[in-house]
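Reading through the structure tokens given below for one structure.
The values are calculated or read from the model by the stated rules, or taken from the named source; none is laboratory data. Everything numeric in this text was worked out from a predicted model, so none of it was measured. Using ideal geometry, Cβ is built from the backbone for each residue, glycine included, and neighbour counts are taken over all protein chains shown.
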Amino acid sequence: MKVIFMGTPDFSVGTLEALIQAGHEITMVVTQPDKPKGRGKTMHFCAVKEAALSYGLPIYQPKKIREKECIEYLKNIEADIIVVVAFGQILTKEILEMPLYGCINVHASLLPKYRGAAPIQWAVINGETETGVTTMKMDEGLDTGDMIMKTVVPVDKEETGGSLFKKLSIEGAKLCVKTLEALENKTAVYEKQNEEDFTYAKMIKKQMGRIQWTDSAVVIERLIRGLNPWPSAFTGLNGKTLKIWKANVIEKEGMPGEVLEVTKESLIVGTGKGALAIEELQLEGKKRMGIDTFLRGVTIEKGTKLQ
């Protein structure tokens, strides 16, 4: 097929490469505009643009794809189908209906569960034992189109947002290739989403990472894993931000946020129910490190309060 590919972050790259390897012709890669990054505000290319450049593919970076001039531009690009993977902009009905096979989206959840911007993180935060990827024919709603194919992916007990991201990116790429094959062969089956099963995965913001020590240890531990590597779960220690990267739930009771015990292997902190044995952390201005290394440079005594 001739494909217009729309995507932006790392998650999208695997699908772009899989389509190329499967023999599809990428007639255009549409991605978000370059953004300034870092102290020097140098322009930063997104992951999809980097990949497109490496394959010598044509690139289009509209600020607002809904604008008339953008729509007219896309009309002149040959395409049997538009594949969308975490593009980051809403498509108009006119764009959705342009190609013969419409627009297909690879979404990182088992729809209709976790529609929205952050399905991967919320699957971990909410303690799901399985999630997956879904391909669907896009409509004007937010992840509401008819489903075509699904792949189920187990969520491990130590799964982080980052590790699940990688798994779903790989499975999504495979599923997209299978979906296009089914569309070409006219064997694709479309399934309406059950609106009664709908849940929304709202966008993750940095402030959501602040640990509420009155929550249970189970809830906090899931938050830590779900927000790893971004934006990370954090608390306060003596006026400085303390990021928590890894912790285990243990059966010990104490005041929420209070350091109950300090050992070479862990820092044990009380929560609303149970306790957390913190194993990997990062103090503001320092590198991420294990608790043993951390305690060589920072003194934390029993009874210290994390806030």
Enumeration of residues in the range 181-208 that are hydroxyl-bearing (Ser, Thr, Tyr), more than 30 Å from Asn228 (Cα to Cα) and touching a residue at least 40 places away in the same chain (Cβ under 8 Å): Tyr190
Could you list, in sequence order, the residues of the range 151-194 that are among the hydroxyl-bearing types (Ser, Thr, Tyr), within 12 Å of Met136 (Cα to Cα) and not in a helix (DSSP H, G or I)? Tyr190
Residues in the range 209-218 that are over 21 Å from the mean Cα position of the chain (by Cα) and part of a helix (DSSP H, G or I) total 2
Residue among Leu100, Leu164, Leu142, Leu111 that is modelled with pLDDT under 95 and either closer than 20 Å to Val219 by Cα or assigned by TED's automatic domain parsing to the domain that holds Glu195 (or both): Leu142
Of a type outside the set (Ser, Thr, Tyr) and over 18 Å from Tyr101 (Cα atoms): does that describe Val3? no
May I ask you to list the residues in the range 254-307 that are more than 20 Å from Asp215 (Cβ to Cβ) and touching a helix residue (DSSP H, G or I) at 6+ places or on another chain (Cβ under 6 Å)? Lys264
Could you identify the single residue in Glu301, Glu261, Glu279 that is touching a residue at least 40 places away in the same chain (Cβ under 8 Å) and assigned to a strand (DSSP E or B)? Glu261
Is it the case that the range 219-236 has a residue that's free of Cβ contacts under 8 Å to residues at least 12 places away in the same chain, surrounded by fewer than 16 Cβ atoms within 10 Å (Cβ to Cβ) and assigned to a loop (DSSP other than H, G, I, E, B)? no
Among the residues of the range 55-72, are any buried (at least 21 other Cβ atoms within 10 Å of the Cβ), in the same structural domain as Lys166 (by TED's automatic domain parsing), in contact with a Leu (Cβ under 6 Å, 6 or more places away or on another chain) and of a type in the set (A, V, I, L, M)? no
